[in-house]
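The values are calculated or read from the model by the stated rules, or taken from the named source; none is laboratory data. These numbers were taken from a predicted model, which means no experiment stands behind them. Methodologically, a virtual Cβ is constructed for each residue, glycine included, from the backbone with ideal geometry; neighbour enumeration extends over all protein chains shown.
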Ligand code: ADP
Ligand code: MG
């Protein structure tokens with residue numbers, strides 16, 4: 001008997017939902033364990049409070065003496081929340097979060113001790129973090145790196161630890177994390193967008209990018225997950241026959257949430273409330289055992305931190321409920337995978353969403369300006385955006401059978417398309433008074449009405465305008481949002497910067513009025529960026545052909561897609577916008593290529609192991625039973641056995657064929673791995689992609705066939721139907 005599988009199944013049958021106690025209204029719990037403005041007012045001196053607020057708003061430096069005051073207040077607050085330790089909490093280039101806890105506890109001689117936490121420890125630390133990926137940065141320069149406090153993301157107490165969000169940089173200044181480039185990109189977009197806003201409103205002094213992510217995930221019983229080596233080691237199933245019932249009845253989507261899952265969600269939401277993560281929406285997703293959680297959007301840096309924190313909290317809370325969370329983009333073949341839509345917009349410090357039309361023609365011209373510039377930026381940098389979502393696991397979504405496709409396009413809906421078509425006809429140079437009035441009343445003036453009844457939704461577009469924000473749909477569910485957010489905000493910053501220059505030239509040299517100049521430049525942008533706009537079905541084959549005709553890229557796998565990161569254009573862009581140096585860009589590229597290669601390598605090894613050590617021995621056992629049966633029949637019936645044992649003999653032959661298939665394919669795959677291991681960088685990643693990975697499907701084919709043939713009683717691996725329909 002395959003004990004592990006059946007023991008696990010037995011365990012799951014006895015599960016009961018945990019009782020979750022509501023500790024108060026969500027609004028009362030919200031931010032209780034966050035050192036937010038409210039807590040700072042209570043625990044900091046006036047000077048210390050002001051200094052932190054200035055750092056948040058204007059990026060001003062915090063004086064060392066003041067840092068001591070802040071740390072003292074922060075410590076007192078954290079201890080009142082039950083904290084015994086503190087840690088700098090950062091996001092190295094593994095994509096996950098990192099922490100190293102130190103106790104507040106210090107000895108002070110004579111056998112006595114006290115709780116201590118100085119300004120120095122708050123502001124800067126030097127974790128021995130030499131084992132994080134650095135893409136060569138720490139080899140070529142100095143080997144040391146340090147973490148530095150990011151006051152724009154508030155400290156929080158999680159469990160018994162005070163967590164202080166920090167950036168992670170080398171002593172030579174290069175960023176070793178995801179957060180430092182993101183902060184620089186947000187600064188760049190703030191500068192550029194604020195300058196453009198001044199055309200429309202002199203009172204704007206800051207523009208924040210906002211992000212609202214939607215996290216999709218699978219929940220699998222932990223005992224079942226632990227009985228599958230592939231889930232344990234790779235986060236996905238590498239084999240497993242499709243169950244008779246999958247998602248074809250659409251009976252899970254938005255359905256009633258199963259009790260055990262509901263109890264998990266409530267527990268999780270309570271934790272999120274305490275940590276200040278503003279989660280709001282929960283529902284069943286399309287695939288069985290797939291769910292989604294979404295917060296209220298926030299300033300992008302904070303939203304990125306909150307998503308990283310959330311993923312960690314989700315795993316921890318899941319343990320209490322005997323669940324395993326799968327963040328992988330494609331844990332199961334044949335049913336939907338998971339993404340993490342990034343809803344993005346820009347908002348001014350005066351409270352205006354720049355991607356939401358306003359009440360006056362001038363406000364609408366401002367909307368159009370940001371709207372058209374966004375489209376233009378995506379048009380000019382489509383390959384760089386594609387690269388921002390590329391990973392071994394997301395390759396199963398983008399450019400595979402499941403959308404969004406690997407082709408980047410922008411969807412804006414038929415009505416806004418009509419507006420842009422009209423604007424294409426704006427006269428070159430000065431506009432007549434009639435044309436101006438017509439534009440204001442009939443085109444720009446009509447936008448709010450248009451959007452009110454704009455229910456256009458296109459689920460197949462990787463970058464869709466949804467009324468007051470763009471939704472970046474290609475981001476993978478396991479990704480750190482910092483990567484895509486850095487790219488998007490950098491290209492928008494660059495675009496807005498160029499736009500400002502061009503408009504100013506028209507005003508100064510062609511004697512155009514401000515709005516005339518804006519219309520003139522927008523007209524050109526609309527024409528130039530037309531090919532990126534697509535309103536049709538992004539999943540269809542017709543679009544692939546059409547996109548090719550239009551000259552859009554279609555980089556279907558990670559090694560292909562990542563190339564765009566190290567083009568001259570990309571280096572220049574990051575350098576000009578002060579987001580990353582060439583060294584920093586190259587380091588990230590190297591790390592991502594390596595990670596791709598390593599993930600495929602691990603999957604190949606795990607698949608080879610399962611196929612050889614689990615599937616084949618089981619198949620042979622079953623085949624032996626059949627052989628015994630056949631020889632028994634022969635003993636009893638003599639020559640007549642052939643008729644009586646026809647089915648069994650056929651099965652014995654089929655099993656042998658599949659065993660042979662597995663053996664030859666696993667051998668061939670191992671040979672290809674050996675060859676690939678002699679290569680480096682791009683070549684290695686390509687070899688793994690093109691020569692190793694194709695064997696996965698072939699090996700899986702034989703294993704899945706055997707799953708159907710072999711006695712269920714001895715099959716060792718938890719089956720799809722058990723993974724997907726136990727809850
Ligand atoms: P859906 O796209 O699934 O229909 P919604 O449109 O309600 O759902 O919003 C999804 C996400 O978009 C939520 O996380 C929400 O907070 C976020 N969102 C809404 N407005 C903005 C905005 N201006 N900027 C960024 N995110 C936003
Ligand atoms: Mg959405």
Every residue from the stretch 337-351 that is part of a loop (DSSP other than H, G, I, E, B) and either crowded, with 19+ Cβ neighbours inside 10 Å or more than 12 Å from ligand 1 (Cβ to nearest atom) (or both): 337, 338, 349, 350
If we keep just the residues of the stretch 251-273 that are in contact with a helix residue (DSSP H, G or I) (Cβ under 6 Å, 6 or more places away or on another chain) and in contact (Cβ under 8 Å) with a residue 60 or more places away in the chain, which is farthest from residue 18 (Cα to Cα)? 273
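Okay, residues lined up against (1) at pLDDT 95 or above; (2) touching a strand residue (DSSP E or B) at 6+ places or on another chain (Cβ under 8 Å); (3) under 30 Å from residue 596 (Cβ atoms); (4) within 16 Å of ligand 2 (Cβ to nearest atom):
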site: 348; (1), (2), (3), (4): yes, yes, no, no
site: 370; (1), (2), (3), (4): yes, yes, no, no
site: 374; (1), (2), (3), (4): yes, yes, yes, no
site: 398; (1), (2), (3), (4): no, no, yes, no
Could you please find all residues in the stretch 96-113 being touching a residue at least 60 places away in the same chain (Cβ under 8 Å) and touching a helix residue (DSSP H, G or I) at 6+ places or on another chain (Cβ under 8 Å)? 96, 97
Out of all the residues in the stretch 409-418, is one or more closer than 30 Å to residue 690 by Cα and outside the structural domain of residue 336 (by TED's automatic domain parsing)? yes
Selection over the stretch 650-697 where residues are assigned to a helix (DSSP H, G or I) and under 29 Å from the mean Cα position of the chain (by Cα) yields a count of 18
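Return yes or no: is residue 132 at pLDDT below 95, under 30 Å from residue 397 (Cα atoms) and surrounded by fewer than 18 Cβ atoms within 10 Å (Cβ to Cβ)? I'd like the intermediate steps shown before the answer.
Values: at pLDDT below 95: yes; under 30 Å from residue 397 (Cα atoms): yes; surrounded by fewer than 18 Cβ atoms within 10 Å (Cβ to Cβ): yes.
So residue 132 passes the test.
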Quick one: in the stretch 268-327, of everything that is at pLDDT 95 or above, outside any strand (DSSP E or B) and within 16 Å of ligand 2 (Cβ to nearest atom), which residue is nearest to the chain's Cα centre (by Cα)? 307
Give me the helices (runs of 4 or more DSSP H) completely within the stretch 514-604, filtered to those with at least 2 residues that are within 25 Å of the chain's Cα centre (by Cα) and within 27 Å of residue 493 (Cβ to Cβ), ordered by residue number. 558-562, 568-576
All-but-one check, residue 458 against (1) more than 16 Å from ligand 1 (Cβ to nearest atom); (2) buried (at least 18 other Cβ atoms within 10 Å of the Cβ), failing number (1)
Give me a count of the residues in the stretch 51-92 that are touching a residue at least 12 places away in the same chain (Cβ under 8 Å), under 32 Å from the mean Cα position of the chain (by Cα) and within 17 Å of residue 150 (Cα to Cα). 14
Scan 642, 675, 683 and give me the residue that is at pLDDT below 95, farther than 26 Å from residue 228 by Cα and outside the structural domain of residue 235 (by TED's automatic domain parsing). 642
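Is it the case that the stretch 689-702 has a residue that's modelled with pLDDT under 95 and over 21 Å from residue 556 (Cβ atoms)?
No, the stretch 689-702 contains no residue that is modelled with pLDDT under 95 and over 21 Å from residue 556 (Cβ atoms).
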Could you figure out which of (1) surrounded by 19 or more Cβ atoms within 10 Å (Cβ to Cβ); (2) outside the structural domain of residue 300 (by TED's automatic domain parsing); (3) more than 16 Å from ligand 1 (Cβ to nearest atom) isn't true of residue 190? (3)
